[in-house]
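Read the structure below first, then the notes.
The values are calculated or read from the model by the stated rules, or taken from the named source; none is laboratory data. Owing to the predicted nature of the structure, the values given are computational and were not obtained by experimental measurement. Because the Cβ atoms are built from the backbone with ideal geometry, glycine has one as well, and the counts that use them run over all protein chains shown.
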Amino acid sequence: MTLASRMSVLGTETAFEVFAKAKALEAKGKDIIHLHIGAPDFSTPENIVEAGRKALTDGWHKYTPAKGLPELREAVAENILSFRGAEIDPNNVLIVPGGKPTMFYAIMMFGEAGKEIIYPNPGFPIYESMIHWSGAKAVPYGLEEEKGFAFSAEAVLALITPATSLLIVNTPANPTGGIVPRSEMDKLVAGLEKHPHVTVLCDEIYSRQLYDGEEHVSILQYPSMIDRSILLDGWSKTYAMTGWRLGYGVWPSHLIADAERIQINSSSCANAVTQVAAIEALRGPQTAVDEMLASFDERRKIIHEELNAIPGFRCVMPKGAFYAFPNTSGTGIASKTLEDELLNEAGVACLSGKSFGKFGEGYMRFSYANSADNIREGLRRVREHLANRQ
Ligand code: PLP
C-alpha cells in the first residue's frame, strides 16, 4: 500500500494528541488538570440547546442548501452589521461544519506549488499544516512578545513577493492572546494596496473574547478589503458550541461559488439541527456570552499572576482569546519536554509552544477555559514540579 506523498507533509493539532494522552492517563486513575483546552468549559446556553432539541423534533433531518439555511445566512449578515459595523450580502456567507473548513477551503483555493502563503508563527497549527498540504511555500511571520504579541504590519508586508497568494491574519490570536490593533490593521490595509495579487484570510474566531475595553478590529471594516478578504468566524468559541461543529466564512463575490463547490465536494452542507440552533444563538439573548466573557476575564487575571509567580516563567497579559503564552525559557527546559513532564509527572495538560510553530519554542500555552480553582491547582503543580526537578 502506498499513500499519496502529500500525506507525509500533513501536520496536526497537538491539542487533540495531548487530550487523548490525558484521557488515557485518567482512565488509569491519574488526576489530570486540563489546561490545554481550546474550548469554553461552559455548557452551550440553554436557549440554544432548546432550539436544537426543537429542531430535532420538528424534523430538521435532511440536507440543507450547500451554502446553509438562508435565514441563518441572513442572521450572520445582521450580526456582522451590528457587531462589526460592516454591511455584507447574505449571499456571500457560506455556512460550514466548524471554524476549520473556511481555513481549509481558502488555503486549498490559493495554495499550490510555486505560490507562497504568509501566516502567523506561533499560530494555529492547522494553517501551517494545510499550507504544506496544498504544496505552497509556508512563509511564517513572528509575533513579538515585548509588544504583547501584537502583529507588526511592516514586518508582514515585507514578506510579500510576486508569488504570495494568501496572507493569514488571526485576531485575537491563538496561542498568544495578542491582537491586531487598529493602527496596525490600518497600516496593513494601506500597504496591501500595492499588492493587489494578495488575498487575506482573517481568522476572527475569538472576536468576542476581548478584554480591558479593547475593540475588535475586523478586516471587513475596510471597504477596500471586502473584495479581497475571507472572514472566518463561527459559533464554537462565542457560544460554547465546539461540539456542534458550525462556522461561517464571508467570501468575496468572485470566490463564493468556488468555496461552495469545495463544500459540495467535501461535506455537502453543515448539520441542519445545528444550523437552526445557531439562528437562536445569533438572534436570542446574549447574556450568556457576556457572563462567559466576565468569567474568562477573572481567570485571565488569575492565570497571569500565577504564571508570573513561577520561577523561570514570564507572561505578558493576554488581550484576547482564552490562552496565556508564558515565556518559559528561563527554566532551560525544551517546551516539548515540559509538555510531556507536566502531563505525565505533574498531572497538568498544557501545550508546548513548539506545537504552534518553530517561533513558539521557549513558550508554553495554558488555556484559562477552566475554573479558577483548577487554574490555581494546575499552576501549583507546575511550580512544585519545577522546584523538585533534578
Ligand atoms: N481558528 C483558530 C485560531 C482556532 O484556535 C480554532 C480552534 O481552536 C479554530 C479556528 C477552529 O475552530 P472550530 O473548532 O470551530 O473548527
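Can you confirm whether Ser266 is within 16 Å of the ligand (Cβ to nearest atom), more than 21 Å from the chain's Cα centre (by Cα), in the same structural domain as Glu78 (by TED's automatic domain parsing) and touching a residue at least 40 places away in the same chain (Cβ under 8 Å)? Yes: the conditions hold for Ser266. For the residues Ala309, Ala294, Ala288, Ala272, the requirement of being more than 16 Å from the ligand (Cβ to nearest atom) and free of Cβ contacts under 8 Å to residues at least 24 places away in the same chain singles out Ala294. For the stretch 222-231, the condition holds for at least one residue, the condition being that it is touching a residue at least 12 places away in the same chain (Cβ under 8 Å), surrounded by fewer than 20 Cβ atoms within 10 Å (Cβ to Cβ) and polar (S, T, N, Q). When restricted to residues that are of a type in the set (Asp, Glu) and surrounded by 13 or more Cβ atoms within 10 Å (Cβ to Cβ), the stretch 259-296 contains 2.
Annotation: His132 fulfils all but one of (1) in contact (Cβ under 8 Å) with a residue 60 or more places away in the chain; (2) more than 16 Å from the ligand (Cβ to nearest atom); (3) over 19 Å from Lys100 (Cβ atoms); (4) not basic (Lys, Arg); the unmet one is (3).
Here the condition is being of a type outside the set (A, V, I, L, M), at pLDDT below 95 and away from the ligand (no atom under 14 Å from the Cβ); of Glu112, Glu154, Glu146, it holds for Glu146 alone.
Just to be sure, is Ile219 within 15 Å of the ligand (Cβ to nearest atom) and without any contact (Cβ under 8 Å) to a residue 60 or more places away in the chain? Here the answer is yes, as Ile219 does meet what is asked.
Name every residue in the stretch 317-335 that is free of Cβ contacts under 8 Å to residues at least 60 places away in the same chain and surrounded by fewer than 16 Cβ atoms within 10 Å (Cβ to Cβ), in order of residue number. Gly330, Gly332, listed by residue number. In the stretch 60-71 there is at least one residue matching the filter, namely being within 16 Å of the ligand (Cβ to nearest atom), surrounded by 13 or more Cβ atoms within 10 Å (Cβ to Cβ) and assigned by TED's automatic domain parsing to the domain that holds Asn271. Looking at Arg314, Arg299, which one is of a type in the set (Lys, Arg), farther than 26 Å from Tyr63 by Cβ and exposed (fewer than 15 other Cβ atoms within 10 Å of the Cβ)? The conditions single out Arg314.
Listed here are the residues, each with its yes/no results for (1) within 14 Å of the ligand (Cβ to nearest atom); (2) modelled with pLDDT of 95 or more; (3) surrounded by fewer than 16 Cβ atoms within 10 Å (Cβ to Cβ).
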residue	(1), (2), (3)
Val169	yes, yes, no
Ala173	yes, yes, no
Thr176	yes, yes, no
Ala190	no, yes, yes
His195	no, yes, yes
Val200	no, yes, no
Glu204	yes, yes, no
Gln209	yes, yes, no
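Taken over the stretch 115-129, the criterion of being crowded, with 18+ Cβ neighbours inside 10 Å and either more than 20 Å from the chain's Cα centre (by Cα) or away from the ligand (no atom under 16 Å from the Cβ) (or both) is satisfied by Glu116 alone. Residues in the stretch 352-370 that are over 15 Å from Leu338 (Cα atoms) and surrounded by fewer than 21 Cβ atoms within 10 Å (Cβ to Cβ): Lys358, Phe359.
For beta carbons closer than 7 Å, sequence separation of 6+ or different chains, a first residue in the stretch 51-67 that is at pLDDT 95 or above and a second that is part of a loop (DSSP other than H, G, I, E, B), the qualifying pairs are Tyr63/Ser268; Tyr63/Cys269; Thr64/Cys269; Pro65/Cys269; Ala66/Ser268; Ala66/Cys269. Here Trp251 meets the list (1) within 15 Å of the ligand (Cβ to nearest atom); (2) in contact with a strand residue (DSSP E or B) (Cβ under 6 Å, 6 or more places away or on another chain) almost entirely, failing just condition (1). Taking the stretch 194-239 as the range and being under 18 Å from the mean Cα position of the chain (by Cα) and assigned to a strand (DSSP E or B) as the test, the residues that pass are Val200, Leu201, Cys202, Asp203, Leu210, Ser229, Ile230, Leu231, Leu232, Asp233, Gly234.
Restricting to the stretch 193-230, count the residues that are of a type outside the set (S, T, N, Q), closer than 28 Å to Arg299 by Cβ and touching a strand residue (DSSP E or B) at 6+ places or on another chain (Cβ under 8 Å).
Here the count works out to 9.
Just wondering, is there one or more residues in the stretch 13-24 that are within 24 Å of the chain's Cα centre (by Cα), farther than 25 Å from Ile126 by Cβ and in contact (Cβ under 8 Å) with a residue 12 or more places away in the chain? Checked against the condition, which is being within 24 Å of the chain's Cα centre (by Cα), farther than 25 Å from Ile126 by Cβ and in contact (Cβ under 8 Å) with a residue 12 or more places away in the chain, the stretch 13-24 yields no hits at all.
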